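What follows draws every value from the coordinates through simple rules; no lab data is involved. Quick caveat, the model's predicted, so the values are computed rather than measured. Using ideal geometry, Cβ is built from the backbone for each residue, glycine included, and neighbour counts are taken over all protein chains shown.
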């Protein structure tokens, strides 16, 4: 039996609509004499990351914990805090091709939601990147209380979209999110770059 055609699009933020230049973190690490990749390694440690993604702690508290963990290798708490603050000033870049596509599908009557595992920094980032009003709904894990790939996250997303799961297409660059969305009854496409826009456009029939 053929699936219903999607009438709503859920788009991942980091890795799809927002890109991060790894040279920025690498430059901070060099400046402060830190090992390559240590900032992300500490920040993305699941025990440290999961509480901020589900709204149990704030973005500021998360970064304080990162600085605390970085202190020995940074040569003291002040240098650790300075390194983290410098790293955090960079908030990524919008992929203009993806944003153009979002505008295109919304103009064609497709509801678009931003589906992101994020912190309470998200609204500030969206404003700084000029993205306020560019999507119909924002589904932030730290507000929902569940992060992708939890079924509860996707249930909340579909409710926000006012669309049944079978009519929602998720575009995400994480395999676990793709699997979780499909288990929750959504269609899902694994994003590897803007060459995927052709497939997504066809799936939405815009």
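The table below gives the values:
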| read-out | value |
| --- | --- |
| Flag for residue 9 being in a loop (DSSP other than H, G, I, E, B) and buried (at least 18 other Cβ atoms within 10 Å of the Cβ) | no |
| Subset tally (residues that are within 23 Å of residue 55 (Cα to Cα) and in contact with a helix residue (DSSP H, G or I) (Cβ under 7 Å, 6 or more places away or on another chain)) for segment 169-206 | 5 |
| Residue list for segment 17-57, restricted to those being out of contact with any helix residue (DSSP H, G or I) (no Cβ under 6 Å at 6 or more places or on another chain) and closer than 30 Å to residue 108 by Cα | 18, 19, 20 |
| Per-region count, segment 79-102, residues over 21 Å from residue 24 (Cβ atoms) and free of Cβ contacts under 8 Å to residues at least 12 places away in the same chain | 1 |
| Options 105, 52, 24; residue that is touching a strand residue (DSSP E or B) at 6+ places or on another chain (Cβ under 9 Å) and touching a residue at least 60 places away in the same chain (Cβ under 8 Å) | 105 |
| Within segment 152-168, considering residues that are in contact with a helix residue (DSSP H, G or I) (Cβ under 6 Å, 6 or more places away or on another chain) and closer than 17 Å to residue 5 by Cα, the one surrounded by the fewest Cβ atoms within 10 Å (Cβ to Cβ) | 165 |
| Flag for residue 130 being surrounded by fewer than 21 Cβ atoms within 10 Å (Cβ to Cβ) and either touching a strand residue (DSSP E or B) at 6+ places or on another chain (Cβ under 8 Å) or closer than 25 Å to residue 181 by Cα (or both) | yes |
